[in-house]
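The values are calculated or read from the model by the stated rules, or taken from the named source; none is laboratory data. Computed from a prediction, not measured in an experiment: that's the story for all the values here. Positions of Cβ are backbone-derived with ideal geometry, glycine not excepted, and every protein chain shown enters the neighbour counts.
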Amino acid sequence: METAKKQGRYERIILQLEELLTKTSDPVARMATIAAVLSHKFDYYFWCGFYRIMGDQLIVGPYQGPVACQVLKGGGVCLTCVRENRSIVVEDVHKFPGHIACDSRSNSEIVVPVYDRDRRLMAVLDVDSTALGSFDDTDSIFLEKIATLVYREV
Ligand code: SME
């Protein structure tokens, strides 16, 4: 998708989410709402959802898309995001060492950290695409903004 179009769409989604996420501060309700809105607005999103940090594992949270792994441990893109405490954009998941394939149709992926209000890392927001190279800096900038809405004060 063309950068300007992508940017405009993310900007409109953020405005919509800011409105929607005033009903409750419950993080699960917010994660579910974010996953639903995002997955319906972008054609290139194949899977979109959250993994929550539970000790040294990640446990799946609200998501949209095909059934995904419930527990991630050892390695993978999501755990790399947690360990390195930064967003990870993967052009080709088959070239990412340790990538965990929950669905063989995924070919590219982005994972961004989700912090609470005290800036503790609580979860990650993960998006998969069936196309190679679907995600870029525009996605990471806006998904990082969207991730801040999970624990935002009402
Ligand atoms: N590919 C991820 C696993 C989660 S799924 O993409 C939904 C990973 O390597 O951590």
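Would you mention how many residues in segment 43-55 are more than 13 Å from the chain's Cα centre (by Cα) and either crowded, with 18+ Cβ neighbours inside 10 Å or at pLDDT below 95 (or both)?
The total comes to 3.
Before we move on, is GLY75 among the small types (Gly, Ala, Ser) and at positive phi?
no
Just the residues that are part of a strand (DSSP E or B), within 24 Å of TYR10 (Cβ to Cβ) and near the ligand (Cβ under 9 Å from one of its atoms), please, taken from segment 61-87.
Residue satisfying the conditions is TYR63 alone.
Can you find a residue in segment 32-48 that is part of a strand (DSSP E or B), within 13 Å of the ligand (Cβ to nearest atom) and within 19 Å of VAL114 (Cβ to Cβ)?
Checked against the condition, which is being part of a strand (DSSP E or B), within 13 Å of the ligand (Cβ to nearest atom) and within 19 Å of VAL114 (Cβ to Cβ), segment 32-48 yields at least one hit.
For segment 56-68, give me each residue that is among the aliphatic types (A, V, I, L, M) and over 14 Å from the mean Cα position of the chain (by Cα).
VAL67
Looking only at segment 118-154, how many residues end up being surrounded by fewer than 21 Cβ atoms within 10 Å (Cβ to Cβ), modelled with pLDDT of 95 or more and assigned to a loop (DSSP other than H, G, I, E, B)?
12
Among the aliphatic types (A, V, I, L, M), touching a residue at least 40 places away in the same chain (Cβ under 8 Å) and either touching a Gly at 6+ places or on another chain (Cβ under 8 Å) or buried (at least 19 other Cβ atoms within 10 Å of the Cβ) (or both): which single residue out of LEU72, LEU38 fits that description?
Step by step, each of LEU72, LEU38 is checked, and only LEU38 is among the aliphatic types (A, V, I, L, M), touching a residue at least 40 places away in the same chain (Cβ under 8 Å) and either touching a Gly at 6+ places or on another chain (Cβ under 8 Å) or buried (at least 19 other Cβ atoms within 10 Å of the Cβ) (or both).
Please find, within segment 93-117, the residue that is farthest from LEU143 (Cα to Cα) out of those that are hydroxyl-bearing (Ser, Thr, Tyr) and surrounded by fewer than 19 Cβ atoms within 10 Å (Cβ to Cβ).
SER104
Please work out which one of (1) part of a loop (DSSP other than H, G, I, E, B); (2) under 16 Å from the mean Cα position of the chain (by Cα); (3) more than 8 Å from the ligand (Cβ to nearest atom) is the condition VAL114 fails and give its number.
Tallying (1) part of a loop (DSSP other than H, G, I, E, B); (2) under 16 Å from the mean Cα position of the chain (by Cα); (3) more than 8 Å from the ligand (Cβ to nearest atom), VAL114 fails exactly one: (1).
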